[in-house]
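Chemist: Please read through the structure below; I'll follow up with questions.
The values are calculated or read from the model by the stated rules, or taken from the named source; none is laboratory data. These numbers come from a predicted model, not from an experiment. As a convention, Cβ positions derive from the backbone with ideal geometry for all residues, glycine included, and neighbour counts pool all protein chains shown.
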Amino acid sequence: MEVKKLSVNNFRNLFPSKIEFCNSMNVIYGDNAQGKTNLIEAIWLFTGAKSFRTSKDGEMIGFSASEANLELEFISGGIEREAKINIKARRTAELDSKKLRSASALAGNFCATVFSPSDLQTVKEGPSLRRRFLDLAIGQLYPSYVDILKQYIKAVTQRNTLLKNSQGIIKNTELLDVFEKEITLNGSKIIDYRIKYCKNLTENASSIYGELSSLREELTAEYMPSSNIEDLEEKLYVSRKTDIFSGTTSVGPHRDDLDFKINGISARTFGSQGQQRSVAIALKLAEAKTLKEITGEQPVAILDDVMSELDPDRQAFILNHIKDWQVFITCCDKANVKPLKEGKIFTVVGGRIK
């Protein structure tokens, strides 16, 4: 996977530009609030996923503009391809001059893995961040997963609304049955996807963490569903009495988690800050390794100002693992990427890319 050129127009604070990248290390340098992250965010959107910074598409449109446009020329499987994204109230997309039903349909065509400061919180914060990590990773591999997840979330939302409006008594049980069958149908598929994906992911994460800790520590990672596939429908039915008081659905893949242990002890609860950061690094590198194992394509690596958050040993570890990838890295201090022997440096000042 290789990005050749990116064109931006009315995207956040960036001036209209067409940028040509090199196939190794692309350093995007500049002070804070100049537009560095905006540039790599534009690249990330071509994975078909939402921004790693906002859930609202409208926030990515430049000030006083009514829409934003992005174009990406890239190579996948040895073939040159071109994708376009238009952002208004929502995103629409084209791939090789063909309109797609949605921007999320780009998933599976352009693959990248992004390291951002928020990823370093994946281990220590709540399970929603770990579920989001899984959903983004699986969605890049299997585009159909994105649609399944959307239908699942819609059914859970409908069930929750019915519960909240019931005032303690569910009168329309037939409608509740419909929602629960939809939750079971798509929820079972999500659990199945996650189980299969996590098998490879956790093996890779454990191996990488072993290297990172110089084999002094052992990482184990386990996917923890709130329900197995066979019992999901029954658990939804049994939970009705308690769910009606909370107004929420208490079982299903929206309640799942990934559990990390270092030498058998919870990394989230008892791990040091350095250990938690190391688990997060291992997890992101394992995501990329798993993607390559399944698709045969090396994903593009996007690093958003994470080097300054890490000590020199962890910086060197990441750079060593991605030395043969195409990389996009933002930084305020060029010393963070001093070990680099080749690549291209772009300076961003006030939205202008030089």
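Chemist: In the range 78-150, which strands (runs of 3 or more DSSP E) lie fully inside it and hold 3 or more residues that are over 22 Å from residue 304 (Cα atoms) and modelled with pLDDT of 90 or more? Please lay out each step first, then the result.
Modeler: Numbers: elements: 79-87, 91-95, 112-115.
Answer list for the range 78-150: 79-87, 91-95.
Chemist: For the range 42-54, check the following and say yes or no: at least one residue is surrounded by 21 or more Cβ atoms within 10 Å (Cβ to Cβ), assigned by TED's automatic domain parsing to the domain that holds residue 347 and in a loop (DSSP other than H, G, I, E, B).
Modeler: Restricting attention to the range 42-54, the residues satisfying the condition of being surrounded by 21 or more Cβ atoms within 10 Å (Cβ to Cβ) are 42-49.
If we keep only those that are assigned by TED's automatic domain parsing to the domain that holds residue 347 too, we end up with 42-49.
Okay, now just the ones that are also in a loop (DSSP other than H, G, I, E, B), so 48-49.
Yes, some residue in the range 42-54 is surrounded by 21 or more Cβ atoms within 10 Å (Cβ to Cβ), assigned by TED's automatic domain parsing to the domain that holds residue 347 and in a loop (DSSP other than H, G, I, E, B).
Chemist: Still on this structure, I have one more. How many of the residues making up the range 264-295 are assigned to a loop (DSSP other than H, G, I, E, B) and touching a residue at least 12 places away in the same chain (Cβ under 8 Å)? Talk me through it step by step, then tell me what you get.
Modeler: Pass one, the range 264-295, residues assigned to a loop (DSSP other than H, G, I, E, B): 264, 271-272.
Restricting the remaining residues to those that are touching a residue at least 12 places away in the same chain (Cβ under 8 Å) gives 264, 271.
Residues that pass the stated criteria total 2.
Chemist: Test residue 261 against the criterion of being modelled with pLDDT of 90 or more and either buried (at least 21 other Cβ atoms within 10 Å of the Cβ) or part of a helix (DSSP H, G or I) (or both), and give yes or no.
Modeler: Numbers: modelled with pLDDT of 90 or more: yes; either buried (at least 21 other Cβ atoms within 10 Å of the Cβ) or part of a helix (DSSP H, G or I) (or both): no.
When the stated conditions are applied, residue 261 does not pass them.
Chemist: Go through 206, 214, 226 for me and flag whichever is of a type in the set (Ser, Thr, Tyr), touching a strand residue (DSSP E or B) at 6+ places or on another chain (Cβ under 9 Å) and surrounded by fewer than 17 Cβ atoms within 10 Å (Cβ to Cβ).
Modeler: Details: 214 fails: touching a strand residue (DSSP E or B) at 6+ places or on another chain (Cβ under 9 Å); 226 fails: surrounded by fewer than 17 Cβ atoms within 10 Å (Cβ to Cβ).
Among 206, 214, 226, only 206 is of a type in the set (Ser, Thr, Tyr), touching a strand residue (DSSP E or B) at 6+ places or on another chain (Cβ under 9 Å) and surrounded by fewer than 17 Cβ atoms within 10 Å (Cβ to Cβ).
Chemist: Could you tell me whether residue 242 is of a type in the set (Ser, Thr, Tyr), touching a helix residue (DSSP H, G or I) at 6+ places or on another chain (Cβ under 8 Å) and under 28 Å from residue 152 (Cβ atoms)? Talk me through it step by step, then tell me what you get.
Modeler: Values: of a type in the set (Ser, Thr, Tyr): yes; touching a helix residue (DSSP H, G or I) at 6+ places or on another chain (Cβ under 8 Å): no; under 28 Å from residue 152 (Cβ atoms): yes.
Against the criterion (of a type in the set (Ser, Thr, Tyr), touching a helix residue (DSSP H, G or I) at 6+ places or on another chain (Cβ under 8 Å) and under 28 Å from residue 152 (Cβ atoms)), residue 242 does not qualify.
Chemist: Also, quick follow-up: Filter the range 299-336 down to residues that are among the basic types (Lys, Arg) and in a helix (DSSP H, G or I) and give me whichever is nearest to residue 38 (Cα to Cα). Before you say what the answer is, go through the steps one by one.
Modeler: Residues of the range 299-336 that are among the basic types (Lys, Arg), as a first pass: 314, 323, 334.
Next, from what is left, pick out any that are in a helix (DSSP H, G or I): 314, 334.
Values: 314: 25, 334: 19 Å.
It comes out as 334.
Chemist: Pick out, from the range 170-247, the helices (runs of 4 or more DSSP H) lying fully within it that include 2 or more residues that are in contact with an Asp or Glu (Cβ under 8 Å, 6 or more places away or on another chain) and closer than 17 Å to residue 262 by Cβ. Full working, then the answer.
Modeler: On the way: elements: 173-212, 232-238, 240-246.
So the answer is 173-212.
Chemist: Suppose we filter 220, 249 for residues that are surrounded by 20 or more Cβ atoms within 10 Å (Cβ to Cβ) and touching a residue at least 24 places away in the same chain (Cβ under 8 Å); which single one remains?
Modeler: On the way: 220 fails: surrounded by 20 or more Cβ atoms within 10 Å (Cβ to Cβ).
Result: 249 is the single residue among 220, 249 that is surrounded by 20 or more Cβ atoms within 10 Å (Cβ to Cβ) and touching a residue at least 24 places away in the same chain (Cβ under 8 Å).
Chemist: Within the range 155-169, restricting attention to residues that are free of Cβ contacts under 8 Å to residues at least 12 places away in the same chain and part of a helix (DSSP H, G or I), which residue is farthest from the chain's Cα centre (by Cα)?
Modeler: So, considering only residues that are free of Cβ contacts under 8 Å to residues at least 12 places away in the same chain and part of a helix (DSSP H, G or I), the one farthest from the chain's Cα centre (by Cα) is 161.
Chemist: Among the residues of the range 1-51, write down those that are at pLDDT below 90 and of a type in the set (D, E, K, R).
Modeler: Once the filter is applied, which keeps residues that are at pLDDT below 90 and of a type in the set (D, E, K, R), the range 1-51 yields 31, 50.
Chemist: Follow-up question, since we're still on this one. Could you tell me which of the residues 136, 72 is touching a helix residue (DSSP H, G or I) at 6+ places or on another chain (Cβ under 6 Å) and either over 27 Å from residue 259 (Cα atoms) or not assigned by TED's automatic domain parsing to the domain that holds residue 332 (or both)?
Modeler: On the way: 136 fails: touching a helix residue (DSSP H, G or I) at 6+ places or on another chain (Cβ under 6 Å).
Of 136, 72, the one residue that is touching a helix residue (DSSP H, G or I) at 6+ places or on another chain (Cβ under 6 Å) and either over 27 Å from residue 259 (Cα atoms) or not assigned by TED's automatic domain parsing to the domain that holds residue 332 (or both) is 72.
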